[in-house]
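The numbers here are math on the coordinates, done by the rules we state, and not lab data. Fair warning: this is a prediction, and the values are worked out from it, not measured in the lab. Quick reminder, even Gly has a Cβ in these numbers, built from the backbone with ideal geometry, and neighbours come from all protein chains shown.
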Amino acid sequence: MKTENSEPTSAPLNTNPFNGLIIREREPENLEFPFSALNSFQTPTEQFFVRSHFPVPAIDMKTWRLNIEGLVNEPMEIEYDELRMMPTRTVTMALECAGNSRIFLSPKVTGLQWELGAVGNAEWTGVPLSEILRRAGVKPGAMEAVLEGADSGEIKKEPVSPGKITYARSLTMEKAMSPEVILAYQMNGEDLTPAHGYPVRAIVPGHYGMASVKWLNRILVIDREFRGYFQTTDYTLWERNNGYPIQLLPIREIEVKAEIARPALYEAVPANSVYRMFGAAWTGESEIAKVEISVDGAKTWSPAQLLGDSVKYAWRLWEYHWSTPAKCGRYTVMARATDTRGRTQPMHRDNHRGNYVITHVQPIEVEVKKPRNAVETESYHI
Ligand SMILES: Nc1nc2c(c(=O)[nH]1)N[C@H]1C(S)=C(S)[C@@H](COP(=O)(O)O)O[C@H]1N2
Ligand SMILES: [Mo]
């Protein structure tokens, strides 16, 4: 077996050489990973998607401090050098934006029109948040820890913000104290880049990307539910009972999902040959149990092979050798993941999810064609 950072068993054959990112928005910069270029367990930093609501904040490292305040015995100001001397932990985590795959929704919904690539899997190193909270001493009655970034601005598109706001999200005390939640200063073994939150960002494994606050400069412990814009006005879902909305809740945990990197949408696939389908699957507080493939419009499903070892919170690469039909034409392929808690991706979109948490099985249409040399041979005989 292989270690968590090794490459898949067999090297992908039909690798897309494209190495850059797709622009979804110029300012603030929002960039997508071209998912069909997926080629490794760990997403290289330069290919990791970027999701920012405001411009990258200017940070002066001479005056930068991480402030721990609120319901704590000892409020603290931690300098960057101090933080780097504290006990460390490294986690590999699939970070997916809650709006990933939005472009597939019909009718179209508002928000950045992400395809498959608002997700990446990187190795993050930093200090466990629990370590810092323990040092500060959380007082009885503490309910949530608010993580605040240094970036701010006004959201002028719907839903508009109440004037200028700062990016902030809260964690329940239970999640904040979980050992996997870290304040990361390194990504893939190097210091964070400005786009990914330099000097320090939260990494919240198991939750959608919005929880992993970048450019972190304040942690506020509070005795109630945080009601900030990014978890009341935006990034929320209605909890329902028999279809009736009960209460508006912040989006938190990741749902199980598989994505197909190859074939890409409308890719020309050679007829009557073996095509290596390839992709990744991930889930929330659980692990991937299986990925299944259908090449006949969801009538039958066959197991894909899971590659490497399972690493909790990271994605799992998979492959499937598809014996393509002899008959040319349009075919539909699908991938469906199930996790060890028994949750499986739904076949259809639940519209109550609005413009977030897009995990229903995506049909990918491909064009099965005669291999090029076969076509050439034929025309030679004419
Ligand atoms: N301070 C701050 N943190 C933030 C955001 C932001 O706009 N500001 N965007 C969040 C969202 S919605 C996502 S999906 C992830 C994206 O992280 P990345 O840009 O490193 O991929 O960062 C999260 N943390
Ligand atoms: Mo996001």
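As a ratio to 2.2 N^0.38 Å, the alpha-carbon radius of gyration for region 209-292 is 1.67. Take Lys312, project a point 7 Å from its Cα along the Cβ direction, then tell me which residues of region 263-287 have their backbone nitrogen under 16 Å from it. Those under the cut-off are 283-287.
Nearest 0.05, what FRET efficiency do Arg135 and Ser40 give at R0 = 41 Å with Cβ-Cβ as r?
Values: r = 37 Å, r/R0 = 0.89.
The pair Arg135/Ser40 has a calculated efficiency of 0.65.
Put a plus charge on the Cβ of each Lys and Arg, a minus charge on the Cβ of each Asp and Glu, and nothing anywhere else: the dipole of region 191-291 about its Cα centre is then about 120 debye. Remark: region 29-74 projects, on average over all directions, an area of 6.4 nm² (convex hull of Cα atoms). Taking 7 Å along the Cα-to-C-beta vector as the label spot, tell me the Glu174-Gln247 distance in nanometres, rounded to one decimal. Label-label distance for Glu174 and Gln247, simple model: 1.4 nm.
Here the label points at Arg372 and Ser106, each 7 Å from Cα along the C-beta direction, are separated by 3.1 nm in the simple model. Reported to the nearest whole Å, the Cα centre-to-centre distance from region 232-265 to region 62-83 is 34. Amide H contacts of Val72 (H built 1.01 Å from N, in plane; Pro and chain starts excluded): Lys139 sit under 5 Å, all sequence-distant by 5 or more or on other chains.
Reported value for the chain: 159 Å³ per residue, from the convex hull of its C-alpha atoms.
Grab the beta carbon distance between Arg84 and Glu239, set R0 = 41 Å, and tell me the FRET efficiency rounded to 0.05. Rounded to the nearest 0.05, the efficiency is 0.50. Distance from the alpha carbon centroid of region 172-202 to that of region 284-306 works out to 31 angstrom. The distance between label points at Glu69 and Ala326 comes to 7.4 nm (points 7 Å beyond Cα on the Cα→Cβ vector).
When peptides 203-212, 88-97 are ranked by their average number of other Cβ atoms within 10 Å per residue, the highest-first order is 203-212, 88-97.
Look at the dipole of the chain built from charges on Cβ: of Thr344, Ile254, Pro57, the Cα furthest out on the positive end belongs to Thr344.
By average Cβ neighbour count within 10 Å, what is the ranking of 254-263, 131-140 from highest down?
254-263, 131-140
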